[in-house]
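The values are calculated or read from the model by the stated rules, or taken from the named source; none is laboratory data. Not measured: the values here are computed from a predicted model. Positions of Cβ are backbone-derived with ideal geometry, glycine not excepted, and every protein chain shown enters the neighbour counts. Accessible surface is based on the protein model in full, side chains and every heavy atom, while ligands, DNA and RNA are left aside. Shrake-Rupley method; radii C 1.70, N 1.55, O 1.52, S 1.80 Å.
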Amino acid sequence: MYFLYSALLAAALLLGSPYWIFQMLRHGKYRRGLGERFGIVPQRIRAQRKPSIWIHAVSVGEVLAVSELVRQLRSEYSEHRVVVSTTTDTGQTLATTRFGAENVFYFPFDFEVCVKPYFTALHPELIVVAETEFWPNFLRTAHRRGVRVAIVNVRISDRSLPGYRRWQRLLSRILRHVDLFLPQTPEDARRLTEIGAEPNRVRVAGNLKFDIPPQPAPAIISQLRSALAASSAGPILVCGSTVEGEEPLLIGAFKAVLARHPAAVMLLAPRHPERFQQVADQLQQSGLKFWRRSTWSGEPLAGSIVLIDSIGELASFYSLADIAFVGGSLVPRGGHSILEPAQHGVAILVGPHTENFRDIVELFRSHDAVRIVTPADLSRVFTTLLANKAERGALGRRALDTLHSQGGATEFTMQQLRGLLNGNVREGHLA
């Protein structure tokens, strides 16, 4: 099975190589860390011969989710290195900022020849994987070397479940190499066992993202606050994690807002950095005044749009909002997390496509802590909420209360990881 899987993976990489090369040349994607992905362990990672705890967090969302876990593991297990691998460039950038370049690297391609050098260099005693990264060769290598594996914050989305079901017989063999699954909800636990996880290894832990503490705001936030106040700009709409097809809808809705609030400002943050220029072109064509966050130098903002062309700052930008819209949801892309604006007690809007965060959105909806809007309703809901400060404020307060009611996943996850680590002491492990 593993030989066939590796052959198919190699074929997929080979057939997809024209696309990857095009993306490298056109957008610079996949170029960073290419050697690391092929199993070349960077010298900064080889520097210490200590046992490690290896945490894998695919991208920005997962890095944020495990940040408090990393902090507690570092504090409690100071005799270990806590290292973090990511898959995406944005995840790598954020992880490097939070955990230090000497502790962060790109996750290798799932070939045994690429994976093994990292096990040799890192001497992991525990591997913690965020969400649903079921890499067969990686998990088998960990099992063969006696490394305990926990998959935390597990979420089985509606979109991915049918695929897992189709491969259930093979997947169940792979999942035997995982010692502990910590799903977010009872439904995720049920789905895990349905696709092959052993029930006695599955324990519902809650969602780590509810425990993410607000981060210190970057300097740009205070600069924007001053500029907004100086020009009496407002109200402020923050539209985050937007994807292709959403920006034209949001620009149209903002024009309707400007008709009633000429000094309004929209902060627009596309999800993917490679789309920054595309969105800038759309803003240019819209006829609206706009600035790029990277080039703005204090100009008045009333009646304009600020394109947030930076990485890792969106959570702080939500603190400026009167209303926050969370993207990936007006078009069928599954949505993005609404927890960051909830941290700031902001009134939150999402579109109807939130399958990837079904449980969170349903929880907030049940507490009247989020509004779900269609493209046709977007302008009306924006203007209605902006006209009613009391309703807007109550919606934001309910969002913050709902967020606070769900804490505790990190503490439970730490309890479970202690059990794995304390049972994973082996003689001569570093030999």
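The table below gives the values:
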{"item": "Single residue of Phe382, Phe412 found to be among the aromatic types (Phe, Trp, Tyr), open to solvent by 30 Å² or more (accessible area, probe 1.4 Å) and either touching a His at 6+ places or on another chain (Cβ under 7 Å) or assigned to a helix (DSSP H, G or I) (or both)", "result": "Phe412"}
{"item": "First in the stretch 178-199 and free of Cβ contacts under 8 Å to residues at least 60 places away in the same chain and open to solvent by less than 10 Å² (accessible area, probe 1.4 Å), second anywhere and assigned to a helix (DSSP H, G or I) and among the aliphatic types (A, V, I, L, M), Cβ under 7 Å, 6 or more apart", "result": "Val178/Leu139; Phe181/Leu192; Pro183/Ala189; Pro183/Leu192; Ile195/Leu171; Ala197/Leu175"}
{"item": "Total residues in the stretch 160-186, condition assigned to a helix (DSSP H, G or I) and within 21 Å of the chain's Cα centre (by Cα)", "result": "1"}
{"item": "Output for the stretch 32-88, where each listed residue is outside any loop (DSSP other than H, G, I, E, B), out of contact with any strand residue (DSSP E or B) (no Cβ under 9 Å at 6 or more places or on another chain) and polar (S, T, N, Q)", "result": "Gln43, Ser67, Gln72, Ser75"}
{"item": "Qualifying residues in the stretch 260-272 (those that are outside any loop (DSSP other than H, G, I, E, B) and buried (at least 17 other Cβ atoms within 10 Å of the Cβ)) - the one farthest from the chain's Cα centre (by Cα)", "result": "Val265"}
{"item": "Selection from the stretch 331-344 of residues that are open to solvent by 10 Å² or more (accessible area, probe 1.4 Å) and either outside any helix (DSSP H, G or I) or free of Cβ contacts under 8 Å to residues at least 60 places away in the same chain (or both)", "result": "Val331, Pro332, Arg333, His336, Ser337, His344"}
{"item": "Test set (1) in a loop (DSSP other than H, G, I, E, B); (2) out of contact with any Asp or Glu (no Cβ under 9 Å at 6 or more places or on another chain); (3) within 22 Å of Val361 (Cα to Cα); (4) not aromatic (Phe, Trp, Tyr) - Ala302 fails condition number", "result": "(3)"}
{"item": "Residue in the stretch 281-295 that is touching a helix residue (DSSP H, G or I) at 6+ places or on another chain (Cβ under 6 Å) and among the aliphatic types (A, V, I, L, M) present", "result": "no"}
{"item": "Residue list for the stretch 345-372, filter: surrounded by 20 or more Cβ atoms within 10 Å (Cβ to Cβ) and in a loop (DSSP other than H, G, I, E, B)", "result": "Val346, Gly351, Thr354, Ala369, Val370"}
{"item": "Qualifying position, being open to solvent by less than 20 Å² (accessible area, probe 1.4 Å) and touching a Ser or Thr at 6+ places or on another chain (Cβ under 6 Å), among Ile151, Ile251", "result": "Ile251"}
